[in-house]
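> Sharing a structure below in structure tokens format, with a few things to ask.
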Amino acid sequence: NSTISVPIRHRGGIHPKQHWLEVGGGESADVAVVPSNANMVYATTYSGIITRVNLATGEERQVGAYPHYTEGTEQRNLKYRWQWNFPIRVSKHNENVLYHTSNYVHKSIDEGSSWQIISEDLTRNIRAYQGIPGGPIQHDATGVEVYSTLFSFAESPFDAQELWVGSDDGRLNYTLDGGLSWLDVTPKNMPHEGTINHIELSTHERNTVFIVVYNYRYADFKPYIFKTTNQGKTWDKITNGIADNHFVRSFVHDVVNPDLLFAGTEYGMYVTLNGGDQWHPFQNNLPHTPITDMEIKDHTLVMSTQGRGFWSMDDISLLRAWTEADRKKSFHSYPITDTYKTNLGKGGGGRESPSAAPYQVEYAVWLLDTSQAIEAKIFNEQGEVIFERTHEKLEIGMNMFSWDMRQKAPFMVEDLMMMDMHHPGQGPSIPPGVYNLTLQQGDVSDEQPFQVLLDPNWASSNPDYVAQYNLAQEVAQLLNQSQQELQHLRDLGKNLQALVERDLDAELKSEIEKLAKQSKKLQDLIYQDKIKSSQDEINFERLFTNHLIRLYRVVLSQHGAPTAGELERWIDIQAEYQPFKKAYDEYINSGIKGLNAKLKEMQIDFFVEKAG
């Protein structure tokens, strides 16, 4: 019997529940958050209860308009009829103004300490339904059964004086003067006592309004979404494509693309890309469950379900950019959403998000021809290629790809016997800045610019990230070089051992055996091969490779300029590498090249001399 606040993403921790908060009210609550101070939360529950909670201080106060219990009371005798989950809103225009509804519209300008009624009873006020709810065995009047109430509320994004309310017994009203006068604009073709569950006022056109109505209490499970473009003078039903028994519970209109709408039904999600002319199922991995509420924040669609779960679609920018004309194009790419340098990533449930779109680069291309691969390249502001990939597995239609903002990982020998947490496995992460993606398929190409932005909560600057990136590149280069040299020594050792087993001159065979042993000694200078399990790292001395990887991992994890300790360790690591490098070069340039010359003269197969 509580409310809950759950982050879409967080920085991790001991347990995901440590990020959960109760925000007042009760299990039936509607919640309103003060825009300038997310710690100030208003939440409701039955009997008209409203709590005001300061999450920062823990202060909680009940600020309902008229505290009383409704159990055991005939509704016709109640002063106010509050539904179980009546709406509460903070004004879009003045956050000191609050609204909530019973069978009247209530307004407060002092954080709920006092309320004024700014409407008459705007319901049908059907007296026949206003006895004691429930029965014949048990009565119940917590609010679920309270009827003839104002069930939905919306404030115009254009005008603070324009307010809309819908009742659960089939009436829709609005005011243009802050409640002095109200106009009934109930659609003539909606169910007579249908519940107006949601009102959505367009942010694009002042006179455009959408309402969601359900009528399942009368065994009518049809979907009802109505749209007006003339402030309620006429209405059109826009549910083409929604299944006949999927009644609608929730709705949201995109603030960027006026033709992009989402509808939450009793059995899942629908989307329309043409303003409601045609709806399409939009489930993906979303369960077929009632979608009770939806909201769009930036480019993320967030929703709640009757299963009491929260779901989010990280990036709807592709839907915003899509047009029906794209279907006829053989090749078309789409704008890329700007992303952030941040360590946020874990989902609210304590697991990695299925898609961490805001924290990686996602790009999409529409194709009608998949016979040729797509070459993807990303350039920095200096015109340098910092990432490239060939996409060969393509599908006709939409193809989506992602990049973790990291360059190619350094080469590593296959059997590097260290704990996974000690294995770098990643390339340097690019700094914030402006980048450009090019996609090319045959002779057709397209470009999409995008930005990598600083996390606004952090103190690091762009120069800090550039310095960290430059150091990561330098360390990665040495790691790549030394690992290739290590692999080269291994390959040489195998080839030399194979030569020893051949029928060769004894003096030549002795020379080869000596070179084979020397190869192993060089490997032992930089790599500890006695480590066979994670615990072995305690038992045997760590060598150059271990120390270099350790430094690399620290540099990769930083979100800021390198520390003095990192820079000092980098100088020392490079010095530690020099004895091996000198011995390696001498081994290759004299011993191996000399042997190859002899083998070539004797017409015996010889092997590659260079690392890599």
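> So how much accessible area does residue 139 have, in Å² to the nearest 10, using a 1.4 Å probe?
Rounded to the nearest 10, the figure is 100 Å².
> What does the accessible area per residue of the chain come to in Å², with a 1.4 Å probe and no ligands, DNA or RNA counted?
Per-residue value: 50 Å².
> Can you compute the modelled spin-label distance between residue 409 and residue 188, with each label point 7 Å from Cα toward Cβ, in nm?
6.7 nm
> Can you tell me the dipole magnitude for the stretch 113-256 around its Cα centre, using point charges on the Cβ only (Lys, Arg +1; Asp, Glu -1), in Debye to the nearest 20?
Its charge dipole is roughly 360 debye.
> Continuing with this model, one more query. To the nearest 10 square angstrom, what accessible area does residue 289 show with a 1.4 Å probe?
Counting only protein heavy atoms, residue 289 exposes about 30 Å² to solvent.
> Give me log10 I(q)/I(0) at q = 0.11, 0.12, 0.21 Å⁻¹ for the stretch 390-523, Debye formula, one equal scatterer per alpha-carbon, no solvent.
Summing over Cα pairs of the stretch 390-523 leads to -0.70, -0.77, -1.24.
> Please state, rounded to one decimal and in Å, the Kirkwood hydrodynamic radius that the chain gives when every pair of distinct Cα atoms enters the mean of 1/r.
Evaluated over the chain, this radius sits at 29.5 Å.
> Stretch residue 603-residue 447 to full length: gain in nm at 0.36 nm per residue minus the Cα-Cα span?
Gain in length upon complete extension: 50.8 nm.
> Okay, next question. Working out 0.36 nm times the residue gap between residue 578 and residue 461, then minus their Cα-Cα distance, what length gain in nm do you get to one decimal?
Extending this stretch completely gives an extra 38.7 nm.
> Relative contact order (percent) for the chain, with alpha-carbon contacts under 8 angstrom and 6 or more residues of separation?
With pairs under 8 Å counted, the relative contact order is 7 percent.
> Now a separate question. Once label points are set 7 Å from the Cα along Cα→Cβ at both residue 440 and residue 553, what is their separation, rounded to one decimal in nm?
3.9 nm
> Here's something else I'd like to know. Treating only the Cβ atoms of Lys and Arg (+1) and Asp and Glu (-1) as charged, compute the dipole magnitude of the stretch 406-554 about its Cα centre; round to the nearest 20 debye.
The dipole magnitude comes to about 400 debye.
> Between rounded, prolate and oblate, where does the stretch 1-128 land on the alpha carbon gyration tensor, with a ≥ b ≥ c its root eigenvalues, rounded for a/c under 1.5, else prolate if a/b exceeds b/c?
prolate
> Which percent of the accessible area of the chain is formed by carbon and sulfur heavy atoms (probe 1.4 angstrom)?
On the chain, the fraction of accessible area on carbon and sulfur atoms equals 48 percent.
> Another question, if that's okay. Give me D for the stretch 151-263 in µm² s⁻¹, whole number, from Stokes-Einstein with Rh from the Kirkwood sum over alpha-carbon pairs, 20 °C and 1.002 mPa s.
152 µm²/s
> Please report, in debye to the nearest 20, how large the charge dipole of the chain is about its Cα centre when each Lys and Arg carries +1 at its beta carbon and each Asp and Glu carries -1 there.
Here the size comes out at about 640 debye.
> From the square roots a ≥ b ≥ c of the eigenvalues of the alpha-carbon gyration tensor of the stretch 507-612, which class results: rounded (a/c under 1.5), prolate (a/b over b/c), or oblate?
Verdict is prolate for the stretch 507-612.
> I would also like to ask the following. Grab the DSSP H runs of the chain that are 4 residues or longer, score each as -39,500 (n - 2.57), total them, divide by all residues and round the 222 nm result to the nearest 500 deg cm²/dmol.
One gets -6500 deg cm²/dmol as the mean residue ellipticity at 222 nm.
> Another question about this same structure. Along the charge dipole of the chain, pointing to its positive end and built from +1/-1 on Cβ of Lys, Arg, Asp and Glu, which listed residue (242, 459, 332) has its Cα farthest out?
Towards the positive end, the residue furthest out is 242.
The values are calculated or read from the model by the stated rules, or taken from the named source; none is laboratory data. Note that this is a predicted model, so its numbers are computed, not measured. Backbone-built Cβ (ideal geometry, glycine too); neighbour counts: all protein chains shown. Surface areas here come from the heavy atoms of the whole protein model, side chains and all, with no ligands, DNA or RNA. Shrake-Rupley method; radii C 1.70, N 1.55, O 1.52, S 1.80 Å.
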